[in-house]
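The values are calculated or read from the model by the stated rules, or taken from the named source; none is laboratory data. Please read all numbers here as calculations on a predicted model, not as lab measurements. Don't worry about glycine lacking a Cβ; one is built from the backbone with ideal geometry, like all the others, and counts go over all protein chains shown. For the accessible areas, the whole protein counts, side chains as well, though only heavy atoms, and no ligand, DNA or RNA atoms are used. Shrake-Rupley method; radii C 1.70, N 1.55, O 1.52, S 1.80 Å.
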Amino acid sequence: MTSRPEIGVEIAVIGGGLVGAAVAYGLIKKGLNIVLLDEGDSAIRASRGNFGLVCAAGKGDKLENYAPWALQGVHVWAEFAKNLIAETGIDLELEQNGGFVFCAEPPALKERIEMMERLRRKSGLDFEVMQPAEIARLMPGVSSNVAGAIFCEIDGAANPLKLLRALHAAISATEGALRRDARAERIERTSGGYRIITPAGVVTSEKVVLAAGLGNLGLAKWLGVRLPIKPMRGQILVTERYEPVLKAPSEHVRQTMDGTFLLGGSWEDVGYDTSTTFEVTRDIAARAVRYFPFLEKVRLVRTWSALRILAPDNAPIYDEIAPGAFLVTCHSGVSLAAIHAGKVAGWIADGALPDEAAPFALSRFESSLPEREVAYG
Ligand SMILES: Cc1cc2nc3c(=O)[nH]c(=O)nc-3n(C[C@H](O)[C@H](O)[C@H](O)COP(=O)(O)OP(=O)(O)OC[C@H]3O[C@@H](n4cnc5c(N)ncnc54)[C@H](O)[C@@H]3O)c2cc1C
């Protein structure tokens, strides 16, 4: 241990996925001396296996304060993207041409409209209800065999892999700020803050940010805290390239800028199993073809799965779980990347969470925390 280098920083951020990288990027912008520690594996973590939606629609269903927060997050995305692209030269492929939520059957559409109306009262998020003929004007090729769709003008999508690459590039511009192969194996409290043990050396910091996705389950234990998050698998299918036809994404089908279609939308409570299954990929493809019949003739080229990091109410958790130790975790790390780099990094830099963060505190789950911890890995 003594032969390994020891570095000291103001803030150590643990986890180099979209959440940790966005926070670390924001902290650097605020002039803080930080290090981002990442395990550096090549597994398909959520940040590398997601659908890339930048969206507010439907967020806050189980925690209403999440609705205005998600809307703010989407509002600040374009400015965030502009700055990150200018710094790194990496095009994030952000498109905010609106987003759809398709409903196959009338009862599902009715339920969705009621939910969106409730969320609009809370956040002001505007939406339209579209019938198949109206959808077809924006999205030629849509089936008349859908009940309708919710359309939110503010929603869109970005390329999540390029987002992650750009954040890492921007962070790496500060020498030594991004440490790969630096899995946090242990966190110890010291009189001046924290001591983090990694295979690459020991890091001492005044503050620490736990932003390691499902890895936070194990990390929080070092601070004596149990977390209610769990994995929720999603499978994604990607097709061959096709002429540009879909102007706006939905949670089940979107066309990327290079022409491929991403098909997804499965939610499977199967623990840490990251395999893909015939039944689920078949159902995802069938639903996509139901919405867009022309997809039947478009070839699939690849499937993968990744694990969402899910709290019981699907909303983020922001909390100071020990003095100077901040927990940042969420399901929608693409949609919230800009606000994580902005407001959330600002809160951590200031060293205190404001009232605005209170609805996202861990204490909201006090009665539902697991009896036993489930360690990751
Ligand atoms: C199928 C699917 C579709 C999705 N679609 C969308 C979408 O359309 N829009 C959207 O906004 N969000 C979407 N998400 C969610 C989004 O991908 C996640 O919210 C986000 O990627 C979470 O990022 P993270 O950094 O918290 O976690 P991860 O991506 O899991 O990253 C955690 C990082 O921490 C590192 N780590 C773990 N333990 C340690 C340790 N002890 N020490 C150091 N490093 C450690 C890991 O190596 C990893 O790099 C989707 C997720 C899935 C699975």
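With +1 on each Lys and Arg Cβ and -1 on each Asp and Glu Cβ, how big is the dipole of the stretch 99-153 about its Cα centre, in debye rounded to the nearest 20? Before the final figure, lay out the partial values.
Values: 7 positive and 8 negative charges, 31 e Å.
Magnitude of the dipole: close to 140 debye.
Any chance you could run the full-extension gain for K30 through M257? It's 0.36 nm times the residue separation minus the Cα-Cα distance, nm to one decimal.
On the way: separation 227, 0.36 × 227 = 81.72 nm, distance 3.24 nm.
Result for the pair: 78.5 nm of gain on full extension.
Any chance you could look up the accessible area of M257 with a 1.4 Å probe, heavy atoms only, rounded to 10 Å²?
Accessible area, nearest 10 Å²: 100 Å².
Any idea of the accessible area per residue across the chain, 1.4 Å probe, to the nearest Å²? If you can, show how the numbers build up before the last one.
On the way: 16270 Å² over 377 residues.
Per residue, the chain has an accessible area of 43 Å².
So who's got an amide H within less than 5 Å of the one on T329, skipping anything under 5 residues away but keeping other chains? H placed 1.01 Å off N, in plane.
Close amide H contacts, sequence-distant or interchain: I317.
Counting only residues 5 or more places away or on other chains, whose amide H sits under 5 Å from the amide H of V209 once H atoms are built in the peptide plane?
A12, V13, I14, F326
I'd like to compare 197-204, 245-252, 294-301: which one has the highest average count of other Cβ atoms within 10 Å, and what's the full order after that? Display every interim value, and only then the final one.
Details: 197-204: 17.2, 245-252: 20.1, 294-301: 13.1.
Put in order of decreasing packing, that is 245-252, 197-204, 294-301.
Does a label point 7 Å from the Cα of E111, set along Cα-to-beta-carbon, have any residues of the stretch 47-61 with amide nitrogen under 17 Å, and which are they?
It comes to 58-61, nothing else.
Residue by residue through the stretch 321-331, which ³J(HN,Hα) values in whole Hz follow from phi under the Karplus form 6.51 cos²θ - 1.76 cosθ + 1.60 (θ = phi - 60°), with glycine and proline marked x?
Per residue, the Karplus-derived 3J(HN,Hα) values read 8, 7, x, x, 10, 10, 9, 10, 8, 6, 7 Hz.
Please name which of F365, V328, S305 has its Cα lying farthest along the dipole of the stretch 274-377 towards the positive end, using unit charges on Cβ (Lys, Arg +1; Asp, Glu -1) and the Cα centre as origin.
Looking along the dipole axis, the top candidate is S305.
Rolling a 1.4 angstrom probe over the protein chains, ignoring ligands and nucleic acids, what is the accessible area of T303 in square angstrom, nearest 10?
60 Å²
If you take every DSSP beta bridge fully contained in the chain, what fraction is antiparallel? Give it as a percent rounded to 5. Write down the numbers at each step before the final one.
Working: 42 of 60 bridges.
So the antiparallel bridges amount to about 70 percent of the total.
How far apart, in nm, are the 7 Å Cα→Cβ label points at R120 and Y242?
So the label points at R120 and Y242 sit 3.0 nm apart.
Counting only protein heavy atoms and a 1.4 Å probe, tell me what percentage of the chain's accessible area is made up of carbon and sulfur. Numbers along the way, then the final one.
Values: 8090 of 16270 Å².
Looking at the chain in its full context, I get 50 percent from C and S.
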